[in-house]
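Remarks on the structure that follows.
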Amino acid sequence: MAVHLSQIFRLSEGFFQRLEEDGIEDSKPVLQVLKSIAVDEGSPNLLHLSDGSASYNLITLVGTAMRKFEINGVKGYQPIIEVLKFHRRRVPWGEAERIHLVIEDFNLLVRDGRGAGAEFHHNEQTIYGNSDKNSQSPLDQNSRSQSPPKKVMKSNILDNCEEREIRRVLLDDISHHFKEYIDVVAVVHKMENPRSKKTKKNGYQLLQEIELIDEADIPVNLAVWGDKCKEFTRNFSFKPIILKNVYVKEQLHLKGYELTAVPRTEIIMDERNETAKNVLRWYQTRGPNGSLYDGAVTIKYIQDCYKGGQFNENSYFNIIGEVIGLGDTFHYKTCVDTNCSSKVEEVKNRIFKCRNCKATSTQFNTKSIVIIYVKDNSSSTQRIFAYNDVAENFLGKKGSEILGTVIMHSNNKENIKRLLGSDIIGKKYFFRIKVDVINDKKWNIIYFKPVQSTGHSNP
């Protein structure tokens, strides 16, 4: 039976006044997004944040944080986030310099903190010091804590479990948490019956394999062993599930990663949870039938919807098509700053300037890109892009091999494409793509899978 619980989120007042302090990266401030501006890949999402006492607008999202911001659907809202990982850099600002805050990862606490809602009803008060009673009366000057006061936001939520913090990791990010215990919120897409499997240490054990999926639309296997199988019942199918403390391990036979339910893993079935509701809403739109072709649309459908104005924001789609050609570019230059890695442009002879952090250098790093021309059964053709690891996995080659081929055959672009694309041209693939409306409606691949010839007629 559902019970009412109270969660407290404290906005970290005074945080922006401490940006010059050493060691501030060790903190995990709770901040509220006032405004977000989506820009292109070279210049990540810009944020205007508040710490409860001041606001700051020289902030960007990169990597995992950018994907979480997009997938959790918080654009247009004022969410409250706990910043889990960030770094600072100094950038020129007129005659002086400013601190540029780069957020690499965060935990979404409240999807919209602008006012009372159906699920979050919050009020505000200010705490001075660390009194256990959380008195609202100001302490005298001598007894105040040295830490900045914090604004408290109380939220009443419906839950069927004890109060706990969910530090969600998206399924396409689990590779960054190898050999760690993480929390996930996903839909149970497939469930196998438990079977007996021989293990090296414990003889024969029950094993149940469950396929989880979230908004990135990348299936991930969950392995459940022994008596833990009894906790996963058939009524979990096609429903959202919250798993706390699942272990990330390598899936050696598939060269990927999977999750393992261990004794300490907690299973929470709560469709009232805001994140769980968002995942379920996405999944029901996508279709829960379990086929590779679920939710696939034609290239022409996507093209027509953007031309006709039905879509005007970044969106994810599934398409199935045949690779009919490759572009001429297979690498691009990036910033030498490992915390940035955005594209650079040559502004003078051998002087390169980063489009993101604006740093200049005589050196640059190189990353992989592949431009793919795809045609589907609607007879429409589309250019789609793969970057970095996705590009290298698609070509089946390491970045150094790709660059070596490009350098060796620099006078013959057609020979480069033949050498790199011989195993790809003419084959059919399933693509999960993101249409980036800011960056000229560029179609970027976030996941792909070869399609076996089964006589299936794709959309």
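The values are calculated or read from the model by the stated rules, or taken from the named source; none is laboratory data. Predicted model only: the values in this text are computed from it and were never measured. Here the Cβ positions follow ideal geometry from the backbone for every residue, glycine too, while neighbour counts run over all protein chains shown.
Restricted to the range 225-276, and to residues that are basic (Lys, Arg) and within 24 Å of residue 108 (Cα to Cα), which residue is surrounded by the most Cβ atoms within 10 Å (Cβ to Cβ)? Before you say what the answer is, go through the steps one by one.
Taking the range 225-276 and keeping what is basic (Lys, Arg), we get 228, 230, 234, 239, 244, 249, 255, 264, 272.
Still in the running and within 24 Å of residue 108 (Cα to Cα): 239, 244, 264, 272.
On the way: 239: 15, 244: 18, 264: 10, 272: 12.
The qualifying residue surrounded by the most Cβ atoms within 10 Å (Cβ to Cβ) is 244.
Mind listing just one residue for me: the one in the range 304-324 that is surrounded by fewer than 17 Cβ atoms within 10 Å (Cβ to Cβ) and of a type in the set (S, T, N, Q) and, of those, farthest from the chain's Cα centre (by Cα)? Per the stated criteria, the residue is 310.
Out of everything in the range 173-187 that is assigned to a strand (DSSP E or B) and more than 16 Å from the chain's Cα centre (by Cα), what residue ends up being modelled with the lowest pLDDT? Ranking the candidates gives 181 first.
Any idea which residue in the range 11-39 is modelled with the lowest pLDDT, counting only those that are buried (at least 17 other Cβ atoms within 10 Å of the Cβ) and closer than 21 Å to residue 440 by Cα? Out of the qualifying residues, it is 38. For beta carbons closer than 9 Å, sequence separation of 6+ or different chains, a first residue in the range 357-368 that is at positive phi and a second that is among the aliphatic types (A, V, I, L, M), the qualifying pairs are 358/91. Taken over the range 44-76, the criterion of being free of Cβ contacts under 8 Å to residues at least 40 places away in the same chain, over 29 Å from residue 282 (Cα atoms) and buried (at least 20 other Cβ atoms within 10 Å of the Cβ) is satisfied by 50 alone.
To keep it simple, each residue is scored yes or no on (1) among the charged types (D, E, K, R); (2) over 26 Å from residue 103 (Cα atoms); (3) surrounded by fewer than 17 Cβ atoms within 10 Å (Cβ to Cβ).
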{"residue": "326", "(1), (2), (3)": "no, yes, no"}
{"residue": "330", "(1), (2), (3)": "no, yes, no"}
{"residue": "340", "(1), (2), (3)": "no, no, no"}
{"residue": "344", "(1), (2), (3)": "no, no, no"}
{"residue": "351", "(1), (2), (3)": "no, yes, yes"}
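Among the residues of the range 194-205, is there at least one that is assigned by TED's automatic domain parsing to the domain that holds residue 279 and touching an Asp or Glu at 6+ places or on another chain (Cβ under 8 Å)? Quick ask: steps written out before the conclusion?
Here is the first cut: in the range 194-205, the residues assigned by TED's automatic domain parsing to the domain that holds residue 279 are 194-205.
Keeping just the survivors that are touching an Asp or Glu at 6+ places or on another chain (Cβ under 8 Å) gives none.
No; the residues of the range 194-205 include none that is assigned by TED's automatic domain parsing to the domain that holds residue 279 and touching an Asp or Glu at 6+ places or on another chain (Cβ under 8 Å).
Being among the β-branched types (Val, Ile, Thr) and closer than 23 Å to residue 63 by Cα is the filter here, so list the residues in the range 373-412 that pass it. Result: 384, 390. Considering the range 188-285, the qualifying strands (runs of 3 or more DSSP E), each wholly inside and each with 1 or more residues that are among the hydroxyl-bearing types (Ser, Thr, Tyr), run over 195-199, 203-213, 240-251, 256-261. Within the range 40-57, if we keep just the residues that are modelled with pLDDT of 80 or more and hydroxyl-bearing (Ser, Thr, Tyr), the residue that is farthest from the chain's Cα centre (by Cα) turns out to be 53.
Regarding the range 370-388, can at least one residue be identified that is among the polar types (S, T, N, Q), assigned to a helix (DSSP H, G or I) and not assigned by TED's automatic domain parsing to the domain that holds residue 62? It would help to see each step written out before you state the result.
Within the range 370-388, the subset among the polar types (S, T, N, Q) is 377-382, 388.
Cutting the leftovers down to assigned to a helix (DSSP H, G or I) gives us 388.
Still in the list and also not assigned by TED's automatic domain parsing to the domain that holds residue 62: 388.
Yes, the range 370-388 has at least one match.
Residues in the range 408-441 that are basic (Lys, Arg) and at pLDDT 90 or above were compared, and the one that is nearest to residue 369 (Cα to Cα) is 417. Of all residues in the range 303-331, those that are assigned by TED's automatic domain parsing to the domain that holds residue 401 and closer than 22 Å to residue 391 by Cβ have Cβ atoms under 9 Å from Cβ atoms of residues that are exposed (fewer than 14 other Cβ atoms within 10 Å of the Cβ) and charged (D, E, K, R), 6 or more apart or on another chain, in 322/427; 323/427; 327/383.
If you go through the range 332-355 one residue at a time, how many are among the polar types (S, T, N, Q) and in contact (Cβ under 8 Å) with a residue 12 or more places away in the chain? Even if it seems obvious, please write down each step before you answer.
Kept after step one, since they are among the polar types (S, T, N, Q), are these residues of the range 332-355: 334, 338-339, 341-342, 349.
Add one more test, that the residue is in contact (Cβ under 8 Å) with a residue 12 or more places away in the chain, and what stays is 334, 339, 341-342.
Number of matching residues: 4.
Of everything in the range 381-431 that is of a type in the set (D, E, K, R) and closer than 21 Å to residue 320 by Cβ, the residue that is surrounded by the fewest Cβ atoms within 10 Å (Cβ to Cβ) is 423.
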